[in-house]
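The values are calculated or read from the model by the stated rules, or taken from the named source; none is laboratory data. Owing to the predicted nature of the structure, the values given are computational and were not obtained by experimental measurement. Reconstructed Cβ throughout: ideal geometry from the backbone, glycine too, with neighbour counts over all protein chains shown. What goes into the accessible areas is simple: the full protein's heavy atoms, side chains included, and nothing from ligands, DNA or RNA. Shrake-Rupley method; radii C 1.70, N 1.55, O 1.52, S 1.80 Å.
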Amino acid sequence: MLHEGLGFDWCGMAAVLNVQENHIGLKGIDSIEDLARLKSIVTESVHRNGAGILNPDDPLTAAMRRHAGDRIVLFSLKGGKDMPAFPREHVAGAAWRWCAMAPCRSCAATAKAGG
């Protein structure tokens, strides 16, 4: 993205699973927050009928939900009391579409019940 841009105008799905310091110092990326802003461009490019896939275990990635549109798919390796607050609220509320959280019994039970 730093060198060539996205290479597309929009996409059906986009995933940002983490933000780590491995690209700091390249092409104007001076901080982890700069890198997070750059990576969020991918989720902002999702078509309105598409979905952004985010990892709520990474706080910088979870913050991208504000720019990811209405359809968000969460992918988390934490469950129960170890789950960050945002996915707990997401699972408890009606905002979810799909969840790929381990374990996510709440979404599975709701889906089986037709919710």
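Listed values, structure above:
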{"quantity": "Residue match in segment 72-90 (condition: within 21 Å of Val19 (Cα to Cα), of a type in the set (Gly, Ala, Ser), modelled with pLDDT of 80 or more and in a strand (DSSP E or B))", "calculated": "yes"}
{"quantity": "Selection from segment 39-49 of residues that are out of contact with any Phe, Trp or Tyr (no Cβ under 7 Å at 6 or more places or on another chain) and surrounded by fewer than 16 Cβ atoms within 10 Å (Cβ to Cβ)", "calculated": "Ile41, Glu44, Arg48, Asn49"}
{"quantity": "Residue that is most open to solvent (accessible area, probe 1.4 Å), among those in segment 10-27 that are more than 15 Å from the chain's Cα centre (by Cα) and either β-branched (Val, Ile, Thr) or modelled with pLDDT of 85 or more (or both)", "calculated": "Trp10"}
{"quantity": "Of all residues making up segment 60-71, the number that are touching a residue at least 24 places away in the same chain (Cβ under 8 Å) and either open to solvent by 20 Å² or more (accessible area, probe 1.4 Å) or of a type in the set (Asp, Glu) (or both)", "calculated": "5"}
{"quantity": "Filter result for Ala109 (modelled with pLDDT under 75, open to solvent by 50 Å² or more (accessible area, probe 1.4 Å), of a type outside the set (Asp, Glu) and closer than 19 Å to Val16 by Cβ)", "calculated": "no"}
{"quantity": "Residue within segment 28-36 that is open to solvent by less than 60 Å² (accessible area, probe 1.4 Å), among the hydrophobic types (A, V, I, L, M, F, W, C) and touching a strand residue (DSSP E or B) at 6+ places or on another chain (Cβ under 6 Å) present", "calculated": "no"}
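Conditions (1) in contact with a Ser or Thr (Cβ under 9 Å, 6 or more places away or on another chain); (2) assigned to a loop (DSSP other than H, G, I, E, B); (3) under 29 Å from Glu89 (Cα atoms), marked per residue:
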{"site": "Leu6", "(1), (2), (3)": "yes, yes, no"}
{"site": "Gly12", "(1), (2), (3)": "no, no, yes"}
{"site": "Gly25", "(1), (2), (3)": "no, yes, no"}
{"site": "Ile29", "(1), (2), (3)": "no, yes, no"}
{"site": "Glu33", "(1), (2), (3)": "no, no, yes"}
{"site": "Ile41", "(1), (2), (3)": "no, no, yes"}
